[in-house]
Amino acid sequence: MAPKKSSVRQAAVIGGNRIPFARANGRYARASNLDMLTATLDGLVARYGLAGERLGEVVAGAVLKHSRDFNLTREAVLGSRLAASTPAYDVQQACGTGLEAAIAVSNKIKLGQIDSGVAGGVDTASDAPIAVNEDLRRILVALGAARSAGARLKLLGKLRPGQIVPEIPQNSEPRTGLSMGEHAAITAKEWGVSREAQDELAAASHQHLAAAYDRGFFDDLVTPYLGLTRDDNVRPDSSVEKLARLTPVFGKGEGATMTAGNSTPLTDGSALVLLGSDEWAAEHRLPVLAHFVDAETAAVDYVHGGGADDRYGRDGLLTAPVHAVPRLLARNGLTLQDFDFYEIHEAFASTVLATLKAWEDPAFSKERLGLDTPLGPIDRAKLNVNGSSLAAGHPFAATGGRIVASLATQLHEKGSGRGLISICAAGGQGVVAILEAAE
Amino acid sequence: MALGALYAKAAVGAVLPGRGKTLPDGEIVREGVAVDLGHLADYARVCGFGLGDILPPTYPHVLAFGLQLELMAARAFPLPLPGLVHVANAITTHRAVRVGEALDLRVRAERFAAHPKGAQVDLVAAVSVAGEPVWDGRSTYLARGASAPTGLAGTLPDLSDVDGPAAAVWRVPKDTGRRYAAVSGDVNPIHLNPLAAKAFGFPRAIAHGMWTAARAFAALQGRVPDAARYEVLFRRPLLLPSTVELVTAHPGASWTLTVRAGAGTTHLTATVT
């Protein structure tokens, strides 16, 4: 039932499914991205009775991906119980992947191009795409192209024992050589984010996630996988006192504040959300949890922007949401205080706190965000109420799907209200979105 | 006992006198078997299954295989293990069997009877969880030239080949037998080594029938309900290495599968109902 051309309808979040997130090299060490994504898709199909259905589209991705997984999402569909006639494609926007996929699907639903779709992502830090040594790869490529025995012999003469050392994926920015944690440590220092505040946020994340599991919040959101029924990173007994004992791992010397406890661990996992038009949901007798209202992406020049002479230094690698949110609010005529829930992805505790500080800083807001008045503070009781990445873990591309499904469920529980999602991503990017409870 | 050692014992036993004339009574039981995730992952990769919470329908067969072998290698077993040919296999999944369930395995032999070409016997495995039957398997073996009481041999399923274009082309590498042996415990030398295969009349090492069957069923990932019946007839040995074709047909709710080497050479025919 396609609407008239140029009309825009609402995109509904109908539900979600994820597998418990597992610390890297643990429970899911032997599972591939395809295994996890297929299992998550089948869990979603089972949960919403979609076996044999042709959906409009499945859109997902992975950040760490083998070259053989070029069509990862389509392969997952073909191995799932969805109709094989369901199209699929991969997206990749680092940690923004899952949310960007949800934006893509909801936009097509709004335009009437599709009536239903699935969005999300998967990542494994265990089954990493280790590649052959770059020097060796160049020789092998040239060998394949060589036309004479002489040319091949010459190339073989370039082989060296050291070339057996493989290429291992790096958790560092290609242009800066700094890891994400080192980047975040610079931002934490610039914004004066204290160790105590970070540990407090981390402890709250664990406590909130554990409490959400205990009250059954995830019963409709998580399907056990390979013997795991809960995220295995969560520590219900986490406390500021315990976290305070950890030694900083990012940043150097005296002022270092970032520890393994207030940074997300490497994690394996997968998460998907089911989106559709209100009509499609009604036809399938499925509840609408929330509507996907709007979204915005932003990027910052974390390499050369600002500079040593700038009052605020360079933009931080993970600070793009600071810029995305005011633009999103302006377009929707909202203030930062007009929300009942805030889901700010906890790449690092310091990232969340620096983001909040930036929105409260009048001079920064004026100079960098072009705002006469800063966005102001938020009610911290509304922040990541069911825990976030510090506790659950952060399989990069899976985080967006986890957050959209959780926030929609939370809004549905409340029965009204609005939620803001903010996700920072590698490459100095940010993806943010607004969900509203369905009436 | 390691499965390799069981094979060695059976090989020695084959030439010694004192073999039984009838099937040994009773069954071999293993209770509370837990699936090892690493083993399941290895098996899934060798056979082309994804790694999920639901066991591949052919996986309990490898869990029970060691017990089958124990039964067949016993001195009292009436047929010599070396030279037994797996001619047919039937599997019934009563429901999805999940990782983490404690599996009770029972294996016994039955239908030992004369066959125009020798003697035939069925090895029957049953898997239950807390008393609930979840999986049944029946493996039919033929011992060429062997004799048996004139009882009734089990009838083999009457399966016909599917014609038509290939759904998939498999390039089956030389080491497939060694890889499947490592995950199944079926270290019959005809799968491992061309010389050993020659001794049994094969020009090269041959793939395990259950590998070929598993690979074919793996191609139906996502298309078959949790409760289903898988029947396989092993036709001609698949020599390693080979390039073969999988042909599938989907009449109604059932599936018919053929693995062929092109022109009229069928390795395996199967149905899923």
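FYI, it's all coordinate maths here, none of it is from the lab. Computed from a predicted structure; not experimentally measured. Note that each Cβ is placed from the backbone with ideal geometry, even for glycine, and that neighbours are counted across all protein chains shown.
Shape analysis of the protein assembly as shown places it in the prolate category; the axes a ≥ b ≥ c from the Cα gyration tensor give an a/c of at least 1.5, with a/b above b/c.
Dipole of the protein assembly as shown, Cα-centred, from +1 at each Lys and Arg C-beta and -1 at each Asp and Glu C-beta, to the nearest 20 debye?
Working: 70 positive and 71 negative charges, 661 e Å.
In total the dipole reaches around 3180 debye.
Toward the positive end of the charge dipole of the stretch B:84-240, with +1 on the Cβ of Lys and Arg and -1 on the Cβ of Asp and Glu, the farthest Cα among B:G137, B:W211, B:G154 is that of B:W211.
Helices that extend 24 Å or more along their long axis by alpha-carbon positions and average at least -1.0 on the Kyte-Doolittle scale are, among the DSSP H runs of chain A, A:195-214.
Which loop-located trypsin sites (Lys or Arg not before Pro) does the stretch A:213-311 contain, where loop means any DSSP state but H, G, I, E or B and the Cβ has at most 14 other Cβ atoms within 10 Å?
Values: sites: A:R215, A:R230, A:K242, A:R245, A:K252, A:R285, A:R311; in loops: A:R215, A:R230, A:R245, A:K252, A:R285, A:R311.
Passing both the DSSP loop test and the Cβ count: A:R215, A:R245, A:K252, A:R285, A:R311.
State whether the stretch B:83-199 is rounded, prolate or oblate according to the following rule on the C-alpha gyration tensor (a ≥ b ≥ c being the square roots of its eigenvalues): a/c under 1.5 gives rounded; otherwise a/b larger than b/c gives prolate, and the remaining case gives oblate. Let's see the in-between values first.
Details: a/c = 1.43, a/b = 1.07, b/c = 1.34.
Note, shape of the stretch B:83-199 comes out rounded.
In order along the stretch A:14-27, the Karplus-derived 3J(HN,Hα) couplings, from 6.51 cos²θ - 1.76 cosθ + 1.60 at θ = phi - 60°, round to 9, x, x, 8, 9, 9, x, 7, 10, 4, 4, 6, x, 4 Hz, and Gly and Pro are given as x.
At 222 nm, what helix-only mean residue ellipticity would the protein assembly as shown give, in deg cm²/dmol to the nearest 500, using -39500 (n - 2.57) for each DSSP H run of four or more? Can you show the working numbers first?
Working: 20 runs with 214 residues, N = 712.
About -9000 deg cm²/dmol.
Which is farthest toward the positive dipole end of the protein assembly as shown among A:C424, B:V244, A:T373, measuring Cα position about the Cα centre, with Cβ charges +1 (Lys, Arg) and -1 (Asp, Glu)? The residue sitting farthest along the positive end of the dipole is B:V244.
Computed 3J(HN,Hα) for the stretch B:36-42, one whole-Hz value per residue from the Karplus formula 6.51 cos²θ - 1.76 cosθ + 1.60 where θ = phi - 60°, is 8, 4, x, 5, 4, 5, 4, glycine and proline marked x.
Between amide H atoms placed 1.01 Å from N, distances below 5 Å from A:S32 occur with B:L51, all of them 5 or more places distant or on a separate chain.
Note that the stretch A:257-271 has calculated 3J(HN,Hα) couplings of 10, 9, 10, 5, x, 10, 10, 6, x, 5, 9, 10, x, 7, 8 Hz, one per residue in order, obtained from phi through the Karplus relation 6.51 cos²θ - 1.76 cosθ + 1.60 (θ = phi - 60°); glycine and proline are x. Look at the alpha carbon pairs under 8 Å that are at least 6 residues apart: their mean separation over the length of the stretch B:3-272 gives a relative contact order of 20 percent.
According to the square roots a ≥ b ≥ c of the eigenvalues of the Cα gyration tensor, what is the shape class of the stretch B:3-272, taking rounded for a/c under 1.5, prolate for a/b larger than b/c otherwise, and oblate for the remainder?
Numbers: a/c = 1.44, a/b = 1.15, b/c = 1.24.
Rounded.
Straight-distance candidates among the aspartates and glutamates for linking to A:K242, with alpha-carbon spacing under 14 Å and chain neighbours fewer than 8 residues away dropped: A:E196, A:D199, A:E200.
A:T97: net charge of surrounding residues, Cβ under 13 Å, Lys/Arg +1, Asp/Glu -1, itself excluded?
Values: positive: A:K65, A:R402; negative: A:D90, A:E100, A:D123.
Charge balance near A:T97 sits at -1.
Working out 0.36 nm times the residue gap between A:H304 and A:S179, then minus their Cα-Cα distance, what length gain in nm do you get to one decimal? Walk me through the numbers on the way to the answer.
Numbers: separation 125, 0.36 × 125 = 45.00 nm, distance 1.67 nm.
Length difference between fully extended and current span is 43.3 nm.
In this structure, B:D36 and B:A199 have a Cβ-Cβ separation that, at R0 = 56 Å, corresponds to a calculated FRET efficiency of about 0.95.
What are the trypsin sites (Lys or Arg not before Pro) within the stretch A:168-198 that DSSP puts in a loop, where the Cβ has at most 16 other Cβ atoms within 10 Å? Intermediate results must be reported in sequence, preceding the final value.
Working: sites: A:R175, A:K189, A:R195; in loops: A:R175.
Counting only loop positions with at most 16 other Cβ atoms within 10 Å, the trypsin sites (Lys or Arg not before Pro) in the stretch A:168-198 are A:R175.
When chain A is treated as a GNM with alpha-carbon contacts under 10 Å, the residue of A:M258, A:M180, A:M36 showing the greatest mean-square fluctuation is A:M180.
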